[in-house]
Amino acid sequence: MERPAWAPRSIDISVPSVSRMYDYYLGGSHNFEVDREAARKAMEFMPGLPKIMQANRAFMRRAVRFAVDEGVTQFLDIGSGIPTFGNVHEVAQAADPDARVVYVDHDPVAVAHSQAVLEGNDRADVVAADLRKPREILDSPEAERLIDLNRPVALLLVAILHFVEDADDPYAAVAELREALAPGSLLVLTHASYERISLPPDRAEGAVDVYRNIRNPLIMRSRDEIARFFEGYDMVEPGLVPMPQWRPDTAPEDEDPYAFSGFAGVGRTA
């Protein structure tokens, strides 16, 4: 397989990547055949996966605009993935040119492309780090330059926590991040769940197996388990709901049924 110029030498392009599969679902071009093959296999079981990813992105954009309207103009986006149209810095800085954004990802392709997209933007940067090590994120030079932890921050954990297994204690990581944030900070979160998926359980499990087979297990948590991530936060109305139902721009009943798979919510620290 020929390595394209945009692919860092350090990555194994024969192994599927969750970030590049996500890019493929969204119609991006920064993915390899191995990623497309894994994504197509998952879509054999759950053909609405692209609709789910689009709903994730649409929720994220609405939540970012909400944050700016609430006076929160610092954004820490962990598990940010490969940049696509309508990324956090584009939405936030369109609403407030002084908004500051730090992206965080451990996928080298996502980091490399974020660096290219952000070149010349002195109010946005990217950190190569892992959600499971919050201190490395918070103490990074990029975060220290752009994020003032004495002021409210919007912490984005969009479509990332369902890739963190219970053995790695994602609740502790989220709590550690919360403790570092100033009062009035926001948690913006989406998470996959078997609840509300418009498929028989065995079909949905087939898609989950694809991720398990590429050694990126997809952890499908219940609504109650997802709500635990908001401990220490006051939920913003309408609470933890399917993605199209969180402060929609258009009528939720017009959305594809797959868009309702999983949950989204925003919480605020006291």
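In the stretch 98-121, what residues are touching a Leu at 6+ places or on another chain (Cβ under 9 Å) and open to solvent by 10 Å² or more (accessible area, probe 1.4 Å)? Result: R100, H106.
Screening R215, R203 for residues that are of a type in the set (D, E, K, R), closer than 22 Å to S19 by Cα and loosely packed, with under 15 Cβ neighbours inside 10 Å leaves exactly one candidate, R215.
Is it the case that A124 is in contact with a His (Cβ under 8 Å, 6 or more places away or on another chain) and either within 29 Å of E237 (Cα to Cα) or modelled with pLDDT of 95 or more (or both)? Here the answer is yes, as A124 does meet what is asked. Quick check on R268: is it touching a strand residue (DSSP E or B) at 6+ places or on another chain (Cβ under 7 Å), farther than 26 Å from A42 by Cβ, of a type outside the set (S, T, Y) and surrounded by 14 or more Cβ atoms within 10 Å (Cβ to Cβ)? Yes: the conditions hold for R268.
Whenever a residue of the stretch 189-203 is free of Cβ contacts under 8 Å to residues at least 40 places away in the same chain and under 19 Å from F229 (Cα atoms), its partners that are open to solvent by 40 Å² or more (accessible area, probe 1.4 Å) and not aliphatic (A, V, I, L, M), lying with C-beta atoms within less than 7 angstrom and at least six residues away or across chains, give the pairs Y194/P201.
Condition first: over 18 Å from P170 (Cα atoms), among the basic types (K, R) and either touching a Lys or Arg at 6+ places or on another chain (Cβ under 7 Å) or not in a helix (DSSP H, G or I) (or both). Can you find one or more residues in the stretch 234-254 that meet it? Yes, some residue in the stretch 234-254 is over 18 Å from P170 (Cα atoms), among the basic types (K, R) and either touching a Lys or Arg at 6+ places or on another chain (Cβ under 7 Å) or not in a helix (DSSP H, G or I) (or both). Going through (1) in contact with a Gly (Cβ under 7 Å, 6 or more places away or on another chain); (2) without any contact (Cβ under 8 Å) to a residue 60 or more places away in the chain one by one, R268 falls short only on (2). Count of the stretch 146-189 residues, restricted to those that are closer than 23 Å to L118 by Cβ and either of a type in the set (V, I, T) or exposed (fewer than 15 other Cβ atoms within 10 Å of the Cβ) (or both), is 6.
Condition check: modelled with pLDDT of 95 or more and either β-branched (V, I, T) or open to solvent by less than 40 Å² (accessible area, probe 1.4 Å) (or both). Does A143 satisfy that? It is true that A143 is modelled with pLDDT of 95 or more and either β-branched (V, I, T) or open to solvent by less than 40 Å² (accessible area, probe 1.4 Å) (or both). Would a scan of the stretch 87-97 turn up a residue that is within 16 Å of the chain's Cα centre (by Cα), farther than 19 Å from D130 by Cα and not in a helix (DSSP H, G or I)? Yes - at least one qualifying residue is present in the stretch 87-97. Of all residues in the stretch 66-86, those that are over 21 Å from S114 (Cα atoms) and either out of contact with any strand residue (DSSP E or B) (no Cβ under 8 Å at 6 or more places or on another chain) or not in a helix (DSSP H, G or I) (or both) total 5.
Restricting the stretch 23-56 to residues that are charged (D, E, K, R) and more than 19 Å from the chain's Cα centre (by Cα), the residue that is most open to solvent (accessible area, probe 1.4 Å) is E44.
The values are calculated or read from the model by the stated rules, or taken from the named source; none is laboratory data. What you see is a predicted model, and the numbers here were worked out from it, not measured in a lab. Cβ sites come from the backbone with ideal geometry, for glycine too, and all protein chains shown count toward neighbours. For the accessible areas, the whole protein counts, side chains as well, though only heavy atoms, and no ligand, DNA or RNA atoms are used. Shrake-Rupley method; radii C 1.70, N 1.55, O 1.52, S 1.80 Å.
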